[in-house]
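Peer 1: Just passing along the structure, written as structure tokens.
Readers should treat all values here as calculations from the given coordinates under stated rules, not as data from a laboratory. Please read these numbers as outputs of a predicted model, since none were measured by experiment. With ideal geometry, Cβ positions are generated from the backbone for all residues, glycine too; neighbour counts draw on all protein chains shown.
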Amino acid sequence: MDSLPNAAMALCALANSLVVADEAGAVHSLEMAASLGGAEAALFVWVTPEDEGGWWFRSLAALDPHWGATVLRSLHEGPCAWLAHAARSSHPIMVPSQSATAAEADLHHEGNETKSRCSWLIPAPSPPSSDALGLLILSGGWDEGSAATAELLPVYRALALALAEWQQRRAREELVARAHLTERDMDLLRHESMGHGSKRIAAVLDAEPKTIDCRFHRLNARLGVANRRDAVRLCKRYGLL
């Protein structure tokens, strides 16, 4: 590991680089950030709830794709104490090797040469208006290096937040493009988020209430939601409101 001040500065630079990064750039930043802390593998997941009670995952893996895919599969299968921690706390914790996921343990039964690892779980708290979860997982065979890595946790927390913002921004851009959202659509949703009914919105926009209802109906269909409240919830999740 590099000296702590140099490593901290490099991690800050990597977090800042995510503002303009594409997916390849984000993976590279995650790889460099993990290596700076002495990690052997890294996975970042950004998770949002689905209507059916499941979860929808976006992820980035670095250094050890096989480990990342195995842990991601375990997170998908749930229930998962790691995601539960991210949902209830913003504080990083280290998961000892004996608490590794069953999926990770399977690596050894399959004859994989990857050694047993400890993992830092670093949540990326979402704003109160969003129901998304972000979690950065750094994994390694830490012994002496764990204390030094712990000293970098404040910067890794900033990196986790930057990765969550990067994932949210990509999801937001995809939603805007897929639903063909316009500023007029956003005006409707802003009014709905303030609790305004169709009559009040119509008065402000100089339209008929039934016209407002029709516009919401078409907007809900484009967003793939059942009603205007769900439309507002979806847009808040992705930072549009």
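Peer 1: What are the residues whose amide H is under 5 Å from the amide H of W55, where those residues sit 5 or more places off or on another chain and H is modelled from the backbone?
Peer 2: So W55 has HN proximity to E50.
Peer 1: Give me, ordered by chain and number, the residues 5 or more places off L241 or on other chains with an amide H under 5 Å from its own placed amide H.
Peer 2: K236
Peer 1: Take the alpha-carbon positions of the range 167-241, form their convex hull, and give its projected area averaged over all directions (one quarter of the hull surface) in nm². Kindly include the intermediate steps, with their values, before the conclusion.
Peer 2: Values: hull surface 17.5 nm².
Approximately 4.4 nm², given one-decimal rounding.
Peer 1: Continuing with this model, one more query. Add +1 for every Lys or Arg and -1 for every Asp or Glu among the other residues with Cβ under 11 Å from the Cβ of L63, and state the total.
Peer 2: Numbers: positive: none; negative: E31, E40, D64.
My count for the surroundings of L63 gives -3.
Peer 1: Name the residues whose placed amide hydrogens come within less than 5 Å of the amide hydrogen of V95, ignoring near sequence neighbours (fewer than 5 apart) on the same chain.
Peer 2: The list, which skips near neighbours in sequence, is S119, W120, L121.
Peer 1: I would also like to ask the following. Counting only other residues whose beta carbon sits under 15 Å from that of R170, what net charge do I get with K and R as +1, D and E as -1?
Peer 2: Numbers: positive: R58, R169, R172, R178, R237; negative: D22, E23, E165, E173, E174.
Charge balance near R170 sits at 0.
Peer 1: List, in order, the whole-Hz ³J(HN,Hα) value for each residue of the range 18-27 obtained from phi through the Karplus relation with A = 6.51, B = -1.76, C = 1.60 and θ = phi - 60°; use x for Gly and Pro.
Peer 2: Values, residue by residue: 5, 4, 10, 7, 8, 5, 4, x, 5, 5 Hz.
Peer 1: Could you tally the net charge around A86, taking each other residue with its Cβ under 13 Å from the Cβ of A86, Lys/Arg +1 and Asp/Glu -1? Please report the intermediate quantities before stating the final value.
Peer 2: On the way: positive: R88, R157; negative: D131.
Residues near A86 contribute +1 overall.
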